[in-house]
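Okay, structure first, notes after.
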Amino acid sequence: MRLVATMAPGGPRVGGPRPASTVGAGTGVAATRGLVVDYTVTNTGSTPRLAYDIVPQDLGSATLPAAVDAKHAWVYEQDGVLRLSKQGFATAPGVRFAAAPVMGGHVLAPGASVTGKAYAVSPPMLDVPGESFQAPRAAVGTGLTQWQFCVQVDGRAAQARPSAAGGGVVQAAVAAPQGDELVCTRPATIPVS
């Protein structure tokens, strides 16, 4: 897999319509400047792969909503680096779901690519799934100078099924990345607006 990403100052509405969750929000999230990542994930292997690049605001539903914000990414600090990530997390101990929660993504045939955007408010704040999942819980530090972008990619393409989001987006059960399934860029300097 090859992942290429660039970050620049910008707003959440860059490159698409305003998310339904922000319609009528006035000066809320829709007006907040932040950090925008443009990325491309390419399957350099010889078998189809599933890139989990559509992250719902609230992980836990058994279906991907039709109006999912494709720019949403989890935001947390990892080893002193700001990480924007499109990935699943393991279910917390003792938590049982009636139906497996899902994330969205794209099936990448050998040689195929998918491009997209990710967004984080600035200054960055922790944005991870709720307590039903094992995710980082520490606040994002204010003095971070490095960032990286990650996408979970695995071999479960055959298990994906169509989603209501359309546009070739499929859905698959959430699973934490194993081994080398979390593909990340190298840390780079956070751009200043």
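Residue check: CYS184 meets all listed conditions (1) under 23 Å from ALA66 (Cα atoms); (2) in contact (Cβ under 8 Å) with a residue 40 or more places away in the chain but one, namely (1). Pairs are defined by a Cβ separation below 7 Å, a sequence spacing of at least 6 or placement on different chains, a first member in region 66-89 that is closer than 11 Å to CYS150 by Cβ, and a second member that is among the charged types (D, E, K, R) and open to solvent by less than 40 Å² (accessible area, probe 1.4 Å); the pairs so defined are ALA73/LYS86; TYR76/ARG83; LYS86/ASP53. Residues in region 134-181 that are free of Cβ contacts under 8 Å to residues at least 60 places away in the same chain and at positive phi: GLY167, GLY179. If you go through region 151-181 and keep only what is closer than 16 Å to LEU108 by Cβ and among the hydrophobic types (A, V, I, L, M, F, W, C), you end up with VAL151, VAL153, ALA157, ALA158, ALA160, VAL169, VAL170, ALA172.
Among residues of region 111-121 being surrounded by fewer than 18 Cβ atoms within 10 Å (Cβ to Cβ) and within 16 Å of VAL36 (Cα to Cα), the one that is modelled with the lowest pLDDT is VAL121.
Give region 75-104 a look and list any residue that's on the phi > 0 side of the Ramachandran plot and of a type in the set (Gly, Ala, Ser), or say none. Listed by number, the residues that qualify are GLY80, GLY94. Remark: pairs (first residue in region 93-116, more than 10 Å from GLY60 (Cα to Cα); second residue in a loop (DSSP other than H, G, I, E, B) and aromatic (Phe, Trp, Tyr); Cβ separation under 8 Å; 6+ apart in sequence or on different chains) are absent.
Where strands (runs of 3 or more DSSP E) fall wholly inside region 124-189, no range has 1 or more residues that are open to solvent by less than 30 Å² (accessible area, probe 1.4 Å) and among the basic types (Lys, Arg). Note on region 111-123: among residues that are in a strand (DSSP E or B) and among the aliphatic types (A, V, I, L, M), the one that is nearest to ARG49 (Cα to Cα) is VAL114.
The values are calculated or read from the model by the stated rules, or taken from the named source; none is laboratory data. Keep in mind it's a predicted model, so treat the numbers as computed, not measured. Counting neighbours? That spans all protein chains shown, and the Cβs are built from the backbone with ideal geometry, glycine included. The area values use the complete protein model at the heavy-atom level, side chains included, leaving out ligands, DNA and RNA. Shrake-Rupley method; radii C 1.70, N 1.55, O 1.52, S 1.80 Å.
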